[in-house]
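Written below as structure tokens is the structure these notes are about.
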Amino acid sequence: MDSQALLIVCFVVVVAALALLSIRRKTLKGTAPVPSAGVNGYALPRPSIADDPGKPVVRILYGTQTGTAERFSKQLGNDLRSRYGDSTVVDVRDVETYKADQKLVTEKFVVFCMATYGDGEPTDNAAVFYSWLLKEAEAVESGGREPFLQGLSYAVFGLGNKQYEHFNAVGKKVYKSLKTCGATPIVRRGDGDDDGVIDDDFEKWCAELLDVLDKSQLVGTRVDHGAHHAAPICVPSYDVDVVRSMETREVAAFPSGSGKDVHSPFWAKITAVRELHTSQSDRSCVHVEVDVGGSGISYEAGDHIALYAQNGEAAVKAVADLLGFDLDARIVLSMPRSTSSGDSGRSSDLPPPFPGPISIRTALSYFADVLSSPHRDALLALSTFAADREEAARLAHLGSSLGKQDYAEFIGKPHRSLLEVLQAFPSAKPTIGAFFGCIAPRLQPRFYSISSSPKQHPTSIHITCAVVRDLMPTGRVHEGVCSTWLKRHGMGAVVPVFVRHSQFKLPQSPKTPLIMVGPGTGLAPFRGFLQERATQLASGVELGPAHLFFGCRSRHHDYIYQEELEGYVASGVLSNLHLAFSRDQAAKDYVQHHLESQGAALWPLISEGGAHLYVCGDAKNMAKDVHKAFISLVQNTKGCTGTQAESIMKELSDYGRYQRDVW
């Protein structure tokens, strides 16, 4: 080989090596590596944003359960930073990390994005703030203290679902309480309806808020991006350190805690999983038992258990293959050490890093929601990583306000998942730091009504779980993350869990009559109630009458816990079991039909016996139909108008005698 040919070969080898090195760096690195992300492998607390005394500050506080309020808050934060640039400090944070009792009185302007959870309750992270604010407002109203927030301007956007009776109760009460305490609202309260298009509700409200802010002294000078220049796309991204030594121990995805709340999940062992439907059913529902012995967990019948299940292996591998991630690589995420001058405070938009070092396989399994539809801000961020210009332009359009209709057609209506989007745009390969930072939302825990009583099972929590398997419009078979994992891998496995206490409780006196309505898996909390009554009966306690209305499709397919329920009737734990099998005859038969027909027997229990009414299950259809049945029952038996019957039901609800655990 002559010298010229040899030089050419060497040149090609060097270029190829550099290219491979560049690809590997892009694949494994978010930004420059950092030496450590915490103590003993766990993330350090996020530092607070330093306020600049020479600039106005906009504080955005969110109370979230599923992540939507957090996403909206960060979206608004990005809009404000783009609109007002360095002239305004924008701080977005979890309301739980904000010391409202100390700091709120010092603020000039605060935005609250507050979700309502359950039947009018605050989210877990907002409970302490909510309780404090309502108590302060009550003190002001009673004359016990002077209004103390006169210097505060505020805006509130509430998130909820109109299918629930107490729609946006938390947002409404926060808005009213702040005003009672002397603060000044600058825009109408926003009401986001998750039963509709909640993103549109938020955007409409944001437009009104921004218009008011432009004319106020609460923010700095608006930045002119020019007619032909769009605002820069913000891509919050972690710093990523790849741990190359395989001898380094991988930490657990969640530190093992007490299981008392979301911050301290307990790694519990699943000791039983059994199918509840018969072999004739084309669907599945499983009974699961979780051993919480040795934890700090205590529970009552009616509480909820949350599980952090894993994504399926196939989904994890598919994402890794598409993005070129090495599943066995171990990573440590940390907050960016510094930001450019135009990005002041943007690192606060990142959630706290998950523990490290952990493998990318574990990170994708526990922390990336890849089977839900991506939101528009995620598509905008993804567009910055698309090597193909057409793909980049398409993603940017879908993520823009101009592409709302196309987003609805391509993502919204067919429920296209993030995984499917990555498959549709193969040139978009985000870094690890950006993928976990702003493209894949955190995988949320799944909540289930506990279907056992600690009186019978003090160290075991039972779950009644419908296994989700749906054919989506795109042709994808959607399998529920947690329900599928429980059925396939649950027996003998360990899973992080915690208990969320509920107001859905038995009355104090066992003699109080009960009327329980729980079709399908809505039976779950009532199974716990009946176990509690069985324990009381066995100890000689006198029980009041109890009616249970249970419904399913067919006696021969999905009549779950049949033997137990009929045994409770025989023993006297349950006075009456009313069964509705919707598909065992030509005419549909539902629980609400039985409620109406039993009015003569039930009304005396309600009007004279002080009965407590309970409904558990589907909010969109069943709960509304059952509520109408109660209204008809009151009308027909009491001989009053519909308005009067509604008033009676509201009074029962206000006194805690009409409770709903619906989803």
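What follows is calculated from the coordinates using simple rules that are stated; it is not laboratory data. Treat the numbers as computed from the prediction; the structure is a model and nothing was measured. Using ideal geometry, Cβ is built from the backbone for each residue, glycine included, and neighbour counts are taken over all protein chains shown.
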Self-check item: Efficiency of FRET from Cβ geometry, Ser216 and Ala586, R₀ 60 Å, rounded to 0.05
Solution: 0.40
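At R0 = 22 Å, how high is the FRET efficiency between Ala207 and Ala408 if r is their beta carbon distance? Nearest 0.05 is fine. Each step should come with its number before you reach the end.
On the way: r = 18 Å, r/R0 = 0.84.
The pair Ala207/Ala408 has a calculated efficiency of 0.75.
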Quiz item: Just in segment 575-663: which trypsin sites (Lys or Arg not before Pro) are loop by DSSP and have at most 13 other Cβ atoms within 10 Å?
Solution: Arg583, Lys588
Practice problem: Highest first, please rank the peptides 304-314, 269-279 by the mean number of other Cβ atoms sitting within 10 Å of their residues. | Solution: 304-314, 269-279
Quiz item: So which of Lys260/Lys505; Lys135/Lys628; Lys74/Lys172; Lys74/Lys108 end up more than 24 Å apart by C-alpha?
Solution: Lys135/Lys628
Quiz prompt | Nearby aspartates and glutamates by direct alpha-carbon distance to Lys215 (threshold 16 angstrom, same-chain neighbours under 8 apart not counted) | solution = Asp224
Quiz prompt | Packing-based order for 531-541, 179-189, using average beta carbon neighbours within 10 Å, highest first | solution = 179-189, 531-541
Quiz item: For Rg/Rh (Cα atoms, Kirkwood Rh), the choices are [x] 1.09; [y] 1.15; [z] 1.00; which was calculated from the structure?
Solution: [z]
Quiz prompt | Extension gain, Ser597 back to Ser554 (0.36 nm per residue minus Cα-Cα distance, nm) | solution = 13.4 nm
Quiz item: Among the DSSP beta bridges whose two residues both lie in the chain, what percent are antiparallel, rounded to the nearest 5?
Solution: 50 percent
Exercise. Please list, or write none, the aspartates and glutamates whose alpha carbon is within less than 14 Å of the alpha carbon of Lys511, excluding same-chain residues fewer than 8 places away.
Key: Glu532, Glu542, Glu608
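To the nearest 500 deg cm²/dmol, what mean residue ellipticity at 222 nm is calculated for the chain from DSSP H runs of n ≥ 4 alone, each contributing -39,500 (n - 2.57), summed and divided by the residues?
Working: 19 runs with 217 residues, N = 663.
Using -39500 (n - 2.57) per qualifying helix, the result is -10000 deg cm²/dmol.
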Practice problem: Grab the Cα-Cα distance for Glu542 and Met472, subtract it from 0.36 nm times how many residues apart they are, and report the gain in nm with one decimal. | Solution: 20.1 nm
Self-check item: Relative contact order computed over the chain (Cα-Cα under 8 Å; 6+ residues apart), in percent
Solution: 14 percent
Quiz item: Which helices count as membrane-span-like in the chain under these terms: full DSSP H, at least 20 Å along the axis by C-alpha, Kyte-Doolittle mean of 1.6 or more?
Solution: 3-28
Practice problem: Provide the gained length on full extension for the span Thr184 to Arg244, in nm with one decimal, where the gain is 0.36 nm per separating residue minus the Cα-Cα distance. | Solution: 16.2 nm
Self-check item: Bins of 10 Å from zero: percent of alpha-carbon pairs in segment 514-662
Solution: 11, 42, 35, 12, 0
Self-check item: Restricting segment 126-188 to chymotrypsin sites (Phe, Trp or Tyr not before Pro) in coil, as DSSP defines it, with at most 12 other Cβ within 10 Å
Solution: none
Practice problem: Write down the percent of antiparallel bridges among all DSSP beta bridges whose residues are both part of segment 514-662, to the nearest 5. | Solution: 0 percent
Practice problem: Excluding residues fewer than 8 places away in the same chain, name every one of the lysines whose C-alpha is closer than 16 Å to that of Lys317. | Solution: Lys429
